[in-house]
1. Hey, any hits in the stretch 83-91 for a residue that's out of contact with any Phe, Trp or Tyr (no Cβ under 9 Å at 6 or more places or on another chain) and within 16 Å of the ligand (Cβ to nearest atom)?
2. Only one of (1) among the hydrophobic types (A, V, I, L, M, F, W, C); (2) in a helix (DSSP H, G or I); (3) open to solvent by 20 Å² or more (accessible area, probe 1.4 Å) fails for Met248. Which number is that?
3. Please find, within the stretch 116-147, the residue that is farthest from the ligand (Cβ to nearest atom) out of those that are part of a strand (DSSP E or B), open to solvent by 10 Å² or more (accessible area, probe 1.4 Å) and touching a His at 6+ places or on another chain (Cβ under 9 Å).
4. When you look at Thr3, is it over 21 Å from the mean Cα position of the chain (by Cα) and of a type in the set (Ser, Thr, Tyr), yes or no?
5. Which of the residues belonging to the stretch 151-168 are touching a strand residue (DSSP E or B) at 6+ places or on another chain (Cβ under 8 Å) and within 16 Å of the ligand (Cβ to nearest atom)?
6. Does Ser150 meet the test of being modelled with pLDDT of 95 or more, surrounded by fewer than 22 Cβ atoms within 10 Å (Cβ to Cβ) and in contact with a His (Cβ under 7 Å, 6 or more places away or on another chain)?
7. Quick check on the stretch 181-190. Is at least one of its residues more than 16 Å from the ligand (Cβ to nearest atom), under 30 Å from Ser129 (Cβ atoms) and basic (Lys, Arg)?
8. Out of all the residues in the stretch 75-91, is one or more buried (at least 24 other Cβ atoms within 10 Å of the Cβ), not β-branched (Val, Ile, Thr) and not in a loop (DSSP other than H, G, I, E, B)?
Amino acid sequence: MLTKQREQAVIHLCQKLVQIQSYSGEEGGVAGELAGFFRERGFDEVKVNEYGCIIACVHGKHPGPKILFDGHIDTVPVTNAEEWLHPPFGGEIHDGRIYGRGTSDMKGAVAAMACAIADFAQDTGCDFSGSLYLAGVVHEECFEGVAARSVSTQVKPDYVVIGEASQLNVKIGQRGRGEIKLEVFGKPAHSANPEKGINAVYKIARVIEEIRKLAPTEHPVLGKGILELTDIKSSPYPGASVVPEYCMATYDRRLLVGETKETVLAPLQALLDRMMAEDPELRAKVSYAHGEEHCYTGNKIEGERFFPGWLYQPDEPFVQAVVGKLESKGFSPEITQYNFCTNGSHYAGEAGIKTFGLGPSRENLAHTINEYIEVDQLTGAAECYYAVIQALLG
Ligand SMILES: [Zn+2]
């Protein structure tokens with residue numbers, strides 16, 4: 001159990017972070033607040049990188065493994081503030097819950113990680129073997145794993161703990177996500193004489209029908225590699241009396257372990273090749289969507305929207321060490337997978353770093369009106385992270 005004073009510290013920090021609005025690309029205020037906390041609690045290094053991720057570190061007196069706690073500090077926007085029971089940036093406590101945007105996703109976890117590292121450093125007088133890092137990562141919502149690349153190159157961690165909500169269960173994998181663009185090129189004509197053109201919407205409609213017939217890939221643990229159409233856009237728009245010359249559909253593809261950019265596109269390309277051979281008027285293309293976002297530091301962050309899946313085995317020694325330690329402290333974590341995407345896509349999926357998720361609160365509170373975190377989950381997370389440090393440092 002945390003002391004009352006330590007409980008208050010984590011609650012207070014969570015409230016502070018929630019009171020500072022930090023939509024993606026506007027995380028500077030929260031990074032500044034965290035920097036103040038890290039300096040006050042005597043962290044050895046506090047840095048902000050080119051994208052605005054804040055990276056803080058406590059070094060033990062002896063060399064050893066580097067543990068990185070990852071929490072994104074951006075949130076999704078509040079769209080209907082008037083529907084909230086309590087102010088979305090108030091951080092108010094009612095009936096044992098802290099309310100506000102980002103409480104569950106995931107400023108509560110960041111506060112718990114920061115306090116756990118600070119408390120561990122204080123209790124040991126830094127007489128331990130290894131280094132403890134916390135990264136407050138920007139631009140996770142809609143661009144998961146991209147800013148995390150800069151963090152892992154700079155820190156080179158041996159272990160990563162993702163703090164996304166898991167109700168204090170241990171998550172050892174997730175499906176990844178790819179955003180696929182299907183484009184069809186037609187030929188414009190006056191809609192009074194449509195036979196002189198090639199209507200890109202009619203053409204894409206047939207391709208979409210055929211894509212729906214493709215069987216999804218499947219994984220025994222992670223489920224299906226779902227491919228779902230999420231939007232469609234024709235051009236010119238509005239198409240006043242014009243046969244559209246272009247149409248683009250976007251697909252969300254959930255990625256299983258081992259699927260690569262190439263293996264995911266291959267069946268779609270084969271389908272297009274077959275259809276184009278049958279219909280000489282059809283010109284179609286598939287590719288990954290490219291994302292580009294602005295950072296509060298003034299830099300741009302960009303990349304293809306392909307974030308791989310990952311999965312560890314429950315009997316991996318690092319997983320067992322963590323679960324064993326948590327159990328010895330009275331917690332009873334289940335070992336499962338995340339249902340959504342996290343920065344683990346980069347750490348585990350791209351960089352192959354030993355990664356697991358452990359965070360306070362329920363994942364279905366993320367992005368909701370009246371988002372909250374239970375105080376018990378928040379303080380429980382701080383205890384769990386302390387135990388994780390003990391388990392991984394050995
Ligand atoms: Zn999140």
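The values are calculated or read from the model by the stated rules, or taken from the named source; none is laboratory data. Every value quoted in this text rests on a predicted model; they were computed, and no experiment measured them. FYI the Cβ positions are ideal-geometry reconstructions off the backbone, even for glycines, and counts take in every protein chain you see. Note: areas computed on protein heavy atoms with side chains; ligands, DNA, RNA excluded. Shrake-Rupley method; radii C 1.70, N 1.55, O 1.52, S 1.80 Å.
1. Checked the stretch 83-91: no residue is out of contact with any Phe, Trp or Tyr (no Cβ under 9 Å at 6 or more places or on another chain) and within 16 Å of the ligand (Cβ to nearest atom).
2. (2)
3. That would be Ser129.
4. Spelling it out, Thr3 is indeed over 21 Å from the mean Cα position of the chain (by Cα) and of a type in the set (Ser, Thr, Tyr).
5. To start, the set of residues in the stretch 151-168 that are touching a strand residue (DSSP E or B) at 6+ places or on another chain (Cβ under 8 Å) comprises 151-152, 154-164, 166.
Passing the criteria: Val151, Val160, Val161, Ile162, Gly163, Glu164, Ser166.
6. The answer is no for Ser150.
7. no
8. No.
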